[in-house]
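The structure appears below as structure tokens.
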Amino acid sequence: MCEQLAQRPALSVTVSLAGRTAAPAKMAVAVRTGGFGGAAGLAAYLAEQRIDLLIDATHPYAAIISANAAAAAAHAKVRILALRRPPWVAQAGDRWTEVADMREAVRALGATPRRVFLALGRKDLTPFETAPQHHYVIRSVDPVTPPLALPHAEYITARGPFGESEERALLQTNRIDIVVAKNSGGDATQGKIAAARALGLAVIMPRRPPLPDVPAAARVADVLAALDHADPAALRGV
């Protein structure tokens, strides 16, 4: 989306990153990093920078950020549009167990020791310390520091996207019994889900959290189409 927006000289575009990734991917537009101080801080920023449109393109599990974005846009009277990837839908051969949250995901692993692949963000990993009987293979963009208080944990630092064949090799090499992953939607991280299906592995999948009721688009193309139908004179800062 940034690459597409960068090709529109009439727009002044800024991407805001939370700052949780040490080496984020390069962007084709201006970048700011760090929080705003909640909804009030974001509303103040929108007013100060004379922003005309706020695009909420956060991860579908980033409920707090999305809630703050909706509240800030309402307070600052700024138009908002959310880019929300549709969730994956179970196919024949999928063995999904949907759970409410990470703590329930830990319980769903059971008492019998298993080899578990955790494809989660670093902030989601702590609950698994309560189930030290399992052997964990943990993949993250940045190193998990400090390491988890687990006797059997291996760490992989890598940035996607990962294809199905690559994910299948990882699961087989590490003799994985079960995968824990979020239903992120999109193509970039679907490889592990397809690989688990092909290998007949179970997947524990925390449900998506409820998100604010704001105008939303499912694809980048839909966001661009919405911009095309907007009044150019009323749309400068995005």
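Filter region 101-118 down to residues that are among the small types (Gly, Ala, Ser) and touching a residue at least 12 places away in the same chain (Cβ under 8 Å) and give me whichever is surrounded by the fewest Cβ atoms within 10 Å (Cβ to Cβ).
Here the residue is 111.
Applying the selection to region 39-61, what residues are in contact with a helix residue (DSSP H, G or I) (Cβ under 7 Å, 6 or more places away or on another chain), at pLDDT 95 or above and not β-branched (Val, Ile, Thr)?
Within region 39-61, 39, 42, 43, 46, 47, 54, 56 qualify.
A quick yes/no check of all residues on (1) within 26 Å of residue 23 (Cα to Cα); (2) in contact with a Cys (Cβ under 9 Å, 6 or more places away or on another chain); (3) among the hydroxyl-bearing types (Ser, Thr, Tyr):
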residue	(1), (2), (3)
136	yes, no, yes
143	yes, no, no
155	yes, no, yes
199	no, no, no
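With respect to residue 206, is the statement that it is under 17 Å from the mean Cα position of the chain (by Cα) and more than 27 Å from residue 4 (Cβ to Cβ) true?
When the stated conditions are applied, residue 206 passes them.
Let me spell it out: the conditions are (1) surrounded by fewer than 15 Cβ atoms within 10 Å (Cβ to Cβ); (2) under 20 Å from residue 206 (Cβ atoms), and residue 173 meets all of them except one. Which number is the exception?
Only one criterion in (1) surrounded by fewer than 15 Cβ atoms within 10 Å (Cβ to Cβ); (2) under 20 Å from residue 206 (Cβ atoms) is unmet by residue 173, namely (2).
Restricting region 100-129 to residues that are assigned to a helix (DSSP H, G or I), of a type in the set (Lys, Arg) and at pLDDT 95 or above, which is farthest from the chain's Cα centre (by Cα)?
Going through the qualifying residues, I end up with 107.
In region 73-120, what residues are farther than 29 Å from residue 148 by Cα, of a type outside the set (D, E, K, R) and touching a strand residue (DSSP E or B) at 6+ places or on another chain (Cβ under 7 Å)?
73, 78, 80, 81, 82, 83, 90
Would you mind finding the one in 72, 67, 47, 62 that is in the same structural domain as residue 220 (by TED's automatic domain parsing), touching a residue at least 60 places away in the same chain (Cβ under 8 Å) and either among the aliphatic types (A, V, I, L, M) or buried (at least 19 other Cβ atoms within 10 Å of the Cβ) (or both)?
67
The values are calculated or read from the model by the stated rules, or taken from the named source; none is laboratory data. It should be emphasised that the depicted structure is a prediction, and the values quoted were computed from it without experimental measurement. Ideal geometry is used to build each Cβ from the backbone, glycine not excepted, and the neighbour counts take in all protein chains shown.
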